[in-house]
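The values are calculated or read from the model by the stated rules, or taken from the named source; none is laboratory data. Bear in mind that the values here come from a model prediction, so they are computed numbers and not experimental data. Neighbour counts are summed over all protein chains in view; Cβ atoms, including those assigned to glycine, are modelled from backbone coordinates with ideal geometry. These area figures cover heavy atoms from the full protein model, side chains too; ligands, DNA and RNA do not enter into them. Shrake-Rupley method; radii C 1.70, N 1.55, O 1.52, S 1.80 Å.
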Amino acid sequence: MHRRDLETLEFPRVLEAIAALARSDAGKDAVWALEPGTDRAAIAHALDITEELIALTEEAGPLPVADVPRIAHTVALAAPEGAALETSALVEVKDLLAVAKAVRAYLRRDPLRLAVLAAFADTLPAVPELEIALARTLDERGQIQENASPALAAARAASRELRAELEARLVALVRDPELADTVGDRYVTLRNGRFVVPIRQSAAWTFPGVVQDRSGSEETVFVEPLFAVELNNRLILASKTEEIEERRVRTQLTQLVRLAAEPLLELERGLALADRFAAAAAFARMHGCARPAFGSGVTLRAARHPLLAISGRPVVPIDLVLAPERRGLAITGPNAGGKTVALKTLGLAAAMAQAGLYVAAAPGVTLPMFDTILADIGDEQSIEQDLSTFTGHAENLARIAGEAGPGALVLLDEPGAGTDPVEGAALAVGVLTDLLERGPLVAFTTHFPQVKTFALASPALEVSAFDVHPETGAPRYVLTYHSVGQSFALPIARRHGIPARALAVAEQVLSGEHQELARAVARLEASRRALDEARDAVAAE
């Protein structure tokens with residue numbers, strides 16, 4: 001499916017809302033990678049996982065997938081023979097394995113009832129040797145534990161003893177009352193990796209030792225006493241031994257990471273998928289979405305545009321229904337009555353279903369499996385390409401006609417608009433006739449009386465209209481079937497404050513034929529409402 005059509009339907013914005021519910025960057029990327037497909041088995045599997053996750057989340061809370069770091073870079077650094085990962089990178093691997101362990105346990109919580117989740121848990125590879133080695137070697141702060149090797153324990157013990165002896169002797173020196181006029185302050189510090197004491201500048205040349213540094217004020221010099229030179233040297237050598245041993249331990253751990261490179265990368269992908277499914281399940285629960293089924297015809301009861309639901313604005317659910325024997329749906333009604341939103345709702349429902357996502361509608365969703373979705377909605381004007389609105393739509397309609405065929409869903413918002421109304425209506429009828437011959441499922445909106453007449457006369461099309469208040473003409477956002485609605489341009493203009501004189505002139509300009517058709521449609525709508533009321537009364541009785 002073309003990105004252009006998905007962007008027209010605002011499918012990326014739906015993915016953005018779902019990605020916001022993912023807990024890891026890898027999970028967010030997995031959401032962004034979603035696109036409608038046609039592999040029924042893969043789609044059904046995704047829906048199965050989402051369904052079971054919704055049930056499990058209600059019982060056990062959210063999936064315990066944390067924002068684990070990406071592991072691919074760490075695996076790449078571990079690839080060369082003899083490489084030694086830093087402890088921070090080893091901690092990332094340890095964290096990944098810990099999250100995977102928690103996720104597996106969560107998914108296997110009820111394997112008999114939630115078998116799909118248990119099977120998904122089995123796809124998350126375990127690396128027990130690496131997991132045990134990291135747990136035994138790294139402490140809670142991510143540092144190498146002393147008992148990681150006997151040599152490291154001995155080196156650290158030697159360093160501690162030397163440091164303690166050196167610090168004790170230097171502290172005694174700076175606290176010696178006889179050196180009160182020599183010592184600048186009573187503390188011991190490090191300069192150039194060696195323990196030193198602060199000596200007043202004026203007394204520096206009388207104090208035996210090696211000058212390592214001086215203060216910014218130049219009033220103090222930092223001197224390594226002569227007795228401390230040997231101890232500092234031994235401490236540096238012991239620290240070097242400790243560093244070499246730590247590197248040897250890190251090299252061993254890195255080798256285990258290198259040997260487990262493929263399982264680690266597969267585990268990262270699996271956890272990203274788990275996060276993606278969890279985000280999809282959270283979105284479905286949050287917005288009352290339903291699992292779609294694939295078959296013939298369209299059944300979307302109480303459907304909502306997901307982006308309107310996300311925005312928190314009040315949404316009037318609509319029923320989008322098309323019998324299997326019908327090839328298209330004409331949506332008519334007033335401006336700002338909901339026609340374009342209905343068109344996008346249908347397109348988004350189809351795209352989300354084929355991306356393995358739940359649909360914002362009541363249970364019982366049924367949709368055909370579409371090979372592609374083709375949309376011409378909104379303003380196609382392009383200044384850069386020197387296209388007028390009509391020219392932009394014409395080019396897009398030509399593209400759609402070239403790709404439309406059996407298995408496609410075509411969504412057209414006001415075909416023929418943007419030019420002379422008579423020619424535009426004729427073009428719309430021609431385009432729709434051609435599309436019906438090509439075999440896709442077509443849903444379109446229109447204001448043109450000629451197009452409404454064409455839709456009424458075509459047995460392949462179902463007609464519908466957004467209802468309006470019979471007296472004020474205010475839209476009620478209710479889609480009524482077997483009816484063609486009026487555009488109500490003049491009543492709507494009157495309600496929004498267009499001057500009465502302008503409206504009077506407009507009524508005079510309207511042709512007699514147009515007025516007769518409008519009156520006929522009005523009579524038809526009045527009869528329909530009366531019949532609906534009578535039917536409801538009979539049903540109630």
Quick one: GLN354 ticks every box in (1) open to solvent by 20 Å² or more (accessible area, probe 1.4 Å); (2) at pLDDT 95 or above bar one, so which box is it? (1)
Here are ALA164, ALA135: which of them is of a type in the set (Gly, Ala, Ser), open to solvent by 30 Å² or more (accessible area, probe 1.4 Å), over 20 Å from GLU242 (Cα atoms) and part of a helix (DSSP H, G or I)? ALA135
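Matching residues to (1) open to solvent by 30 Å² or more (accessible area, probe 1.4 Å); (2) within 30 Å of GLN252 (Cα to Cα):
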| site | (1), (2) |
| --- | --- |
| ARG169 | yes, no |
| ASP185 | yes, no |
| PHE195 | no, no |
| LYS240 | yes, yes |
Looking at ALA158, ALA154, which is the one that is open to solvent by 20 Å² or more (accessible area, probe 1.4 Å) and either free of Cβ contacts under 8 Å to residues at least 24 places away in the same chain or under 19 Å from LEU265 (Cα atoms) (or both)? ALA154
Subset of the range 299-328 (residues that are of a type outside the set (D, E, K, R), farther than 28 Å from ALA30 by Cα and open to solvent by 10 Å² or more (accessible area, probe 1.4 Å)): THR299, ALA302, PRO314, VAL315, VAL316, PRO317, ILE318, VAL321, LEU322, ALA323, PRO324
Condition first: open to solvent by 60 Å² or more (accessible area, probe 1.4 Å), touching a strand residue (DSSP E or B) at 6+ places or on another chain (Cβ under 7 Å) and not small (Gly, Ala, Ser). Can you find one or more residues in the range 96-104 that meet it? no
Report the residue count in the range 49-71 for those that are of a type outside the set (A, V, I, L, M, F, W, C), within 17 Å of ARG291 (Cα to Cα) and surrounded by fewer than 19 Cβ atoms within 10 Å (Cβ to Cβ). 3
Filtering the range 18-46 down to residues that are in a helix (DSSP H, G or I) and under 17 Å from the mean Cα position of the chain (by Cα) yields ILE18, ALA19, ASP25, ALA26, GLY27, LYS28, ASP29, ALA30, VAL31, TRP32, ALA46
Any hit, the range 249-256, residues being open to solvent by less than 70 Å² (accessible area, probe 1.4 Å), of a type in the set (Lys, Arg) and within 26 Å of GLU52 (Cα to Cα): no
Which condition number in (1) touching a residue at least 40 places away in the same chain (Cβ under 8 Å); (2) more than 30 Å from ARG304 (Cα to Cα); (3) open to solvent by less than 50 Å² (accessible area, probe 1.4 Å) is the one that ALA290 fails? (2)
